[in-house]
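Asks: There's a structure below that I have some questions on.
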Amino acid sequence: MANVLESLSNEMAGLVESVGASIVRVEARKRQPASGIVWSDNGVIVTTNHVVQRDENITIGLPDGETTTATLVGRDPTTDIAVLQAESSGLTAATWVESSDVAVGNLVLALGRPGLTVQSTLGVISGLGTKWRTAAGGEMERYFQTDVTMYPGFSGGPLATAGGQMAGINSSALMRGVSLTIPTGTVRGVTQALMAYGHMPRGYMGVGIQPVRLPDAIQEELGQETGLMLMSIESEGPAEKAEMLQGDILVKLGDDAIRYADELQLCLTGDRVGQEVEALVVRSGQLKKMTVTIGAKQAPAEE
């Protein structure tokens, strides 16, 4: 038994060392430094937004003990993700595991580098949830419940599997008093958007809308009373390109029921920009499926 425990202990220590090669220290706030993860070997770093309290004079502590400067590429407060560009190359990029490959009972490690060396705690996945929206309106593909202890400075660091892959980024800012893990799919989508645009673009369909009551038969079929009538359609906008017509009533976008204007706005998240989404409309009293490619709107506008 002693040999088994010693072997397991050594393997865990080796895992921490291996994963630690992709974890950096992020000095971008007055108090204790936080952590970050190497996204690509050319110096792209992903971390949490709330630990990046300044846009300039950001310092990155590298795994080899050296330090370098970094600039802010972009940030998304709604999902608590920020992307930095470090003045460094040849870094060890992290490998990621999809949240669908994580199961309840899996052993996981929370890691951080708030100091010179990597710190780690061990726990298990105790629960898996479905997609949810943060209080700031960001969309998460799902959430993890773990019994892992997150120490100060762990925000921005990874939740790693026993196989040494990153299952997400740990954050202490999304839910007061609770540390959560931002899953891989959300991290990827937001990071790619921030690298492309420098901010999270706001999705739009190019329509003017008005809530209306649905016909009784449609209400019964869908289980909802209202939808959004398209009062105007922007020329060459996403809705027009999808061949939507003035007078259509939008009742569903993707998997989400659309009853009120705020529900549509919540669906038009930045990670959906450029994606083809199935829309369900009522036209001439009949339900019709359509495909719309969500556009990017830089300035606020009525959807």
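Every number in this text was worked out from the coordinates using simple rules, so none of it is lab data. The structure presented is a predicted model; accordingly, all values stated were derived computationally and were not measured. All Cβ positions, even for glycine, are placed from backbone atoms using ideal geometry, and neighbour counts span all protein chains on display.
Asks: Between beta-carbons, use under 14 Å as the cut-off and find the net charge around residue 224, counting Lys and Arg +1, Asp and Glu -1.
Replies: -4
Asks: Could the peptides 99-110, 239-250, 153-164 be put in order, highest first, of the mean number of other beta-carbon atoms found within 10 Å of their residues?
Replies: Packing order, densest peptide first, comes out as 153-164, 239-250, 99-110.
Asks: Continuing with the same structure: Scan (1) 72, 47, 31; (2) 80, 58, 37; (3) 57, 45, 38 for the value of Cα extents along the principal axes in Å calculated from this model and give just the label.
Replies: The value matching this structure is (1).
Asks: Run the paramagnetic zone check for residue 89: 7 angstrom along Cα to Cβ, then residues of the range 39-61 with backbone nitrogen under 18 Å.
Replies: 39-45
Asks: Next question, about the same structure. Measure nothing but the geometry: give the 0 to 90° angle between the long axis through the Cα atoms of 184-197 and the longest principal axis through the Cα atoms of the chain, rounded to 10°.
Replies: 80
Asks: Please list, in chain and number order, the residues 5+ apart from residue 81 or on another chain whose amide H is under 5 Å from its amide H, with Hs placed from the backbone.
Replies: 49, 76
Asks: Let me know the shape class of the range 1-145, please: from the alpha-carbon gyration tensor, a ≥ b ≥ c as square roots of the eigenvalues, rounded when a/c is under 1.5, otherwise prolate if a/b is greater than b/c, or oblate.
Replies: Because a/c hits 1.5 or more and a/b fails to exceed b/c, the range 1-145 counts as oblate.
Asks: Which links in 241/288; 131/241; 131/288; 241/297 stretch past 24 Å when you go from one Cα to the other?
Replies: 131/241; 131/288
Asks: Provide the descending list of Cα extents for the range 1-59 along its principal axes, expressed in whole angstroms.
Replies: Over the range 1-59, Cα extents along the principal axes are 52, 27, 15 Å.
Asks: Counting Lys +1, Arg +1, Asp -1, Glu -1, what net charge surrounds residue 60 among other residues with beta carbon under 12 Å of its beta carbon?
Replies: After counting each charged neighbour, the total is -2.
Asks: Just to be sure I understand the curve: with the Debye formula and one point per C-alpha of the range 128-220, what is log10 I(q)/I(0) at q = 0.12, 0.16, 0.24 Å⁻¹?
Replies: -0.54, -0.78, -1.35
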